[in-house]
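A.B. asks: Below is one structure. I have some questions about it.
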Amino acid sequence: MSRFFRGGSLAIFAVGFVLLFSIEAFSQEAAVRRSLVKNKEHIAYIDRANGKLTLVVEFINDFSDETKGRPPARDFVWIGLDINRNKTSDSGPDAIFSSDSATNTLCAQTLYGEQATSGCGAFVSTTTYEASFKATEAQSRPHPVFTFVFDEREIMPDGKGLNLIIRVHSADVGMVVNYPERAPGKGMYSFAKTINVKF
């Protein structure tokens, strides 16, 4: 009887250990990456893990550090998010995330349609922003890298996907590029054409 009890205790311990390991494994959500842009000038991707969406834009063919200072003598990136995913620039739910030209810190803005935004500080966001000049897996030479970290509930309420636009400015060549290319006749903040991301 005591031998059975000892064997049962070992079995219970083993099952408990396996369950504990499984719970720990599932609590750390595996990161999922989605590629957004990939060409000879820029790469952009978004990682989803543990309730966060990390959007990275790299200027992989730009080797001058112009991540500080004021535009137009500064590289910058802004992200437009069609949060309700209806292909329309709605005042209220939709937003632009960029950097403040004076402080080079996060600038969260709501939209007033395709042509205008509220300006910085229209709403409080948990998003973080960093402009850095460093080497990465994509490019071994230091280059401008822009990182936005979003709380996914803030920008992806349905948990299924995103519609977004990316605008990049390279001070080195005075070039502005829109991803995707802006729809003809539409304003700067139009969501008529977007990058569609599904999770």
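The values are calculated or read from the model by the stated rules, or taken from the named source; none is laboratory data. Treat the numbers as computed from the prediction; the structure is a model and nothing was measured. Here the Cβ positions follow ideal geometry from the backbone for every residue, glycine too, while neighbour counts run over all protein chains shown.
A.B. asks: Would you confirm, using the coordinates I've provided, whether residue 197 is aliphatic (A, V, I, L, M) and out of contact with any His (no Cβ under 9 Å at 6 or more places or on another chain)?
C.D. replies: In short, yes.
A.B. asks: Out of (1) on the phi < 0 side of the Ramachandran plot; (2) over 20 Å from the mean Cα position of the chain (by Cα), the odd one out for residue 82 is which?
C.D. replies: Residue 82 satisfies every listed condition except (2).
A.B. asks: Within segment 59-85, can you find the residues that are within 18 Å of residue 150 (Cβ to Cβ) and not hydrophobic (A, V, I, L, M, F, W, C)?
C.D. replies: Result: 80, 82, 84, 85.
A.B. asks: Within segment 72-104, can you find the residues that are of a type in the set (A, V, I, L, M, F, W, C) and either closer than 12 Å to residue 167 by Cβ or surrounded by 15 or more Cβ atoms within 10 Å (Cβ to Cβ) (or both)?
C.D. replies: Listed by number, the residues that qualify are 76, 77, 78, 79, 81, 83, 95, 96, 97.
A.B. asks: Go through the residues of segment 45-52 one by one and say whether even a single one is under 24 Å from residue 172 (Cβ atoms) and crowded, with 16+ Cβ neighbours inside 10 Å.
C.D. replies: Yes, there is a match, as at least one residue in segment 45-52 is under 24 Å from residue 172 (Cβ atoms) and crowded, with 16+ Cβ neighbours inside 10 Å.
A.B. asks: Which condition breaks for residue 60 when tested against (1) more than 21 Å from residue 154 (Cβ to Cβ); (2) modelled with pLDDT under 95?
C.D. replies: (2)
A.B. asks: Which residue is nearest to the chain's Cα centre (by Cα), if the candidates are limited to segment 92-114 and must be assigned to a loop (DSSP other than H, G, I, E, B) and over 22 Å from residue 181 (Cα atoms)?
C.D. replies: Result: 105.
A.B. asks: Then there's this: Return a yes/no flag: does segment 113-134 have any residue that is under 15 Å from residue 44 (Cα atoms) and either touching a residue at least 60 places away in the same chain (Cβ under 8 Å) or outside the structural domain of residue 44 (by TED's automatic domain parsing) (or both).
C.D. replies: yes
A.B. asks: Quickly run through segment 164-177 and pick out the residues that are assigned to a strand (DSSP E or B) and in contact with a Gly (Cβ under 9 Å, 6 or more places away or on another chain).
C.D. replies: Once the filter is applied, which keeps residues that are assigned to a strand (DSSP E or B) and in contact with a Gly (Cβ under 9 Å, 6 or more places away or on another chain), segment 164-177 yields 164, 165, 166, 167.
A.B. asks: Within segment 118-135, is there a residue that is more than 17 Å from the chain's Cα centre (by Cα), in a loop (DSSP other than H, G, I, E, B) and of a type in the set (D, E, K, R)?
C.D. replies: For segment 118-135, residues more than 17 Å from the chain's Cα centre (by Cα), in a loop (DSSP other than H, G, I, E, B) and of a type in the set (D, E, K, R): absent.
A.B. asks: Say whether the condition of being modelled with pLDDT of 95 or more and crowded, with 20+ Cβ neighbours inside 10 Å is met by at least one residue in segment 171-178.
C.D. replies: Within segment 171-178 (the criterion being modelled with pLDDT of 95 or more and crowded, with 20+ Cβ neighbours inside 10 Å), the answer is no, since none of the residues qualifies.
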